[in-house]
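The values are calculated or read from the model by the stated rules, or taken from the named source; none is laboratory data. Keep in mind it's a predicted model, so treat the numbers as computed, not measured. Every residue, glycine among them, receives a Cβ derived from its backbone with ideal geometry; neighbour counts consider all protein chains shown. Ligands, DNA and RNA are excluded from the accessible area calculation, which covers all protein heavy atoms including side chains. Shrake-Rupley method; radii C 1.70, N 1.55, O 1.52, S 1.80 Å.
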Amino acid sequence: MKGPRTSVPSPRRPRARRAVIAAFVVLAAMVPAAGTALGAQEVEAELPYTCAFPSGPQAVAVRVAARFPDSAAKGQAIVPADVTTTVELPETAVAELSTAPGTEVRASTELAVALSQGEARAEASWRGTAEPATVPAEGPLVLESAGDVPSVTPGTTGELHLRAGGLRLVMEARAGSATPGPAQESPAPVSASCTLGEDAPEDGLLAAIPVTGGEADGPSEGPSPSGGPSASAGTDAGEPGGADAPPGRLRVEATDPKDAPPCIAEEPTPVTLAAYVTGYSNVRKLDGANLIPVSCMIIEQGEAGSPGPDDQWLFRQPADVEFSYEGRRQTPPARATFLTYGFVPTTATVVLEQTEVMRLESDFYLGDPVKLDTAIRASLVLRLSDVKVNGTPLDVGSDCRTETPLTSHEPEPDRFPGPHIVLDGFGLAPWEGQPEGYQLTTGGPLTSEVTIPAFTGCGTSDGEDLNRLFTAAISGPGNYVKQIQGQTCLVQDLNPDHCAPDGQPVVIPKPER
C-alpha cells in the first residue's frame, strides 16, 4: 500500500524525526503468509546443454528432478523438494579431467532458475554437491548433485513458471585413488559454464504452478506474523526478486545460496574450518528484529587439552574466529525495506564490523552424554549507512556507528577484559544416538543478550548532529540475539557432505527467531 508522499521531518520536530530514525535500523524479516498446497507434482526434465570446457565446447546431457506443489496461495512460500541435478559427461568431456579410470571425482553444480509470473521476474540459484564418483573405463561419467534450494513467494495470482537457465559445473579429481602406490599430485579443478540448448523442451520449463488468492489478498498493513514489519512493505524495489521486493513481485528468500558470500580461507592449515552463520537480533526499543545476513566465518582451531588440574573430566578446544567479506572482517551489508508510520517506505544498510579476533572456547565435560559448553567472544561495532525515507536520502555521514563494540555479561572479566559480546552455545552428545544443540563442527544456535552503546559520527553535511537521536531511539540493554551456525567445512579434508570442491561450506543455515 502506498501512502502519501512524505518529506523528511524538519529538525524542529524532534519527536517525529526520532520516530523516523528509530525505524531506519529495523531489518525486516520477510515472513510469507501461510498456505496449504493441494498436492504435489513430480518433475524430471531432460535438458541439452553445451559446456565451455578449457579445450572447447562439449554437448552434455542434464537431468533436473524436483517435487513442487500442484498449486499455491498468493503469499505462500513455495519450497522445491528432493531437488537433484544430474550431469552426464561424454567420454570426450571426461578427458578434461586428465585422469585414469577408477579415479574419484567430486563435483558441485549451480543451476540458475528463472522465475516468472505475469510481468514479475526473479532468479534463484540451485546449488548442489555430488557424491564422489569414479571415472569409468569407457562410457559417460554421471554426477548427481543435491542440496537445499531457496523458496520463492509469489506476490500475486496467476501461473508461476520455473525454467532452467545457465549451469555452472566444478569438478575435482583425486589423484592416487585409481591404483595402489604412492599418492600423486591432484590435477587442478576443472570448471565450465554451460548454456541451455535452443532445442530444450518448452525452453527449459521445470514446473508451472497455479497461484490463487488466499489470505494474502491485498497489501498487509500491520505487522507480519513474526512481529516484524510487513513483508509487503516498500516501493524501493532493489534487485529483482530480492528480499525487499514490493507487492506483486516474486520474492526469493534471503537464504538463497546465491546470496551467501564467498567463504574461502586464504591460507588454510590442517585445522582450518569455514562455516556460514545467520540469525536475528532484536532491537528492544523498536520492538523489532534485525536480520543478520548469511556471513562467512573462518575458524582456526588451537591446541586442545585440559585447562587445569581442578577438573580431570574437562576438555577444552580453543579457536580464533574471523568474519570474512571481500577481504574485510565484517558481515555483508544488510539492506532492508520497511514502513515508517505504517506507510512511509524506509531503507537502510547495516554492517557488523569486527574490531578484534573473536575468541572461541568449547568445553567438553566427559560423561554420557558428553556436555558441551561453547562461548564465542566477539568485539563488533554496528555501522549505519545509505539511509532513505520514501526514496529520499537522509545524510548520516560516512562514519555513523556505535561508540564502542556491543557488550553483554562477561562471566570471566579478568580473562577477557574490554567491550565485547558473549555468544553461548550448549549441546549434548550421547555415546549412542544423535547429538543435540550446538557443537563447533556441526553448528547450531548461539544466543546472547546484548547492550547497544551510544552512537557517534552520525551527522549531516551541514553540521547537524544526529548522534543523540540514534542513541535515544536505539541504544540500550536487553537486545536478544540468536545466531544459527551451519555445518563447518574442514578445508583441507573436503568432505563432500560438508565442503564444495573449492573448500567452501555447502550448508547454508536459515535464520531462526
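Computed values, structure above
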read-out	value
Around PHE426: net Lys/Arg minus Asp/Glu count, Cβ-Cβ under 11 Å	-3
Accessible heavy-atom area order of HIS498, HIS420, highest first, probe of 1.4 Å	HIS498, HIS420
Solvent-accessible surface (1.4 angstrom probe) belonging to SER98, in square angstrom, nearest 10	100 Å²
Extended-chain gain in nm, criterion 0.36 nm per residue less alpha-carbon gap, TRP431 and GLU198	78.4 nm
Sites GLU449 and ALA59 - FRET efficiency at Förster radius 45 Å, r taken between beta-carbons, to 0.05	0.20
Peptides 196-205, 74-83 ordered by average Cβ neighbours within 10 Å, highest first	74-83, 196-205
Computed P(r) (all Cα pairs; region 54-168; 5 Å bins; percent)	2, 10, 19, 19, 15, 11, 8, 7, 5, 2, 1
Alpha-carbon gyration tensor eigenvalues x 5, square-rooted, for region 451-513, Å	42, 17, 8
Segment ARG121-TRP313, length gained on full extension (0.36 nm per residue, minus Cα span)	63.4 nm
Relative packing of 425-435, 153-163, which averages over residues the other C-beta atoms within 10 Å, highest first	153-163, 425-435
Estimated FRET transfer efficiency when R0 is 35 angstrom, pair ARG284-LEU366 (beta carbons, to 0.05)	0.35
Contour minus Cα-Cα distance for GLU138 and THR269 (0.36 nm per residue)	43.4 nm
